């Protein structure tokens, strides 16, 4: 499967990937890894590992982690997952973030102020603390940034950065994430 990203509606962008509305199903999101990031270093096995780890985490946390439908490496590295409609605060955060990335004249002052307000609110949210504690207790790393969280229409705190890596490779060495031995 190959996506023509030029015609797709961009709904978010982070340091690693860009998110678009799926061209054939508005209930799904297509995330494309940026050049120079995972797109150049991930193996087919690592993408497969990401898929299965995300699928398992969705089964464990169905309200917090969107389901994953497809992950593949071809010309691009792409992930297709469930699209969650989130609150206006999350949407505003994404719009401000994309404005900073797309407009060199924007110094980001509005974005950083809003980001700081959201971060301050999140760190006191029991749902945020409980989610990060539960996922961490499984040995899974997450990015706790405010831009990765939002509330759905049912009041659930949803983690939308389905960037769960089953292992990292540093200078040829593999650091396993799921199998961490305790002393």
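Checking each residue of region 170-177 against the condition of being in contact with a strand residue (DSSP E or B) (Cβ under 9 Å, 6 or more places away or on another chain), surrounded by fewer than 16 Cβ atoms within 10 Å (Cβ to Cβ), at pLDDT below 90 and under 24 Å from residue 11 (Cβ atoms) gives no match.
The number of residues in region 96-108 that are touching a helix residue (DSSP H, G or I) at 6+ places or on another chain (Cβ under 9 Å) and in a helix (DSSP H, G or I) comes to 4.
Looking across region 75-90, the residues that are over 13 Å from residue 12 (Cα atoms) and not in a helix (DSSP H, G or I) come down to 75, 76, 77, 78, 79, 80, 81, 82, 87.
For region 39-66, a residue qualifies if it is exposed (fewer than 15 other Cβ atoms within 10 Å of the Cβ) and closer than 18 Å to residue 18 by Cα, and the qualifying residues are 40, 41.
The values are calculated or read from the model by the stated rules, or taken from the named source; none is laboratory data. This is a predicted model, so every value here is computed, not measured. FYI the Cβ positions are ideal-geometry reconstructions off the backbone, even for glycines, and counts take in every protein chain you see.
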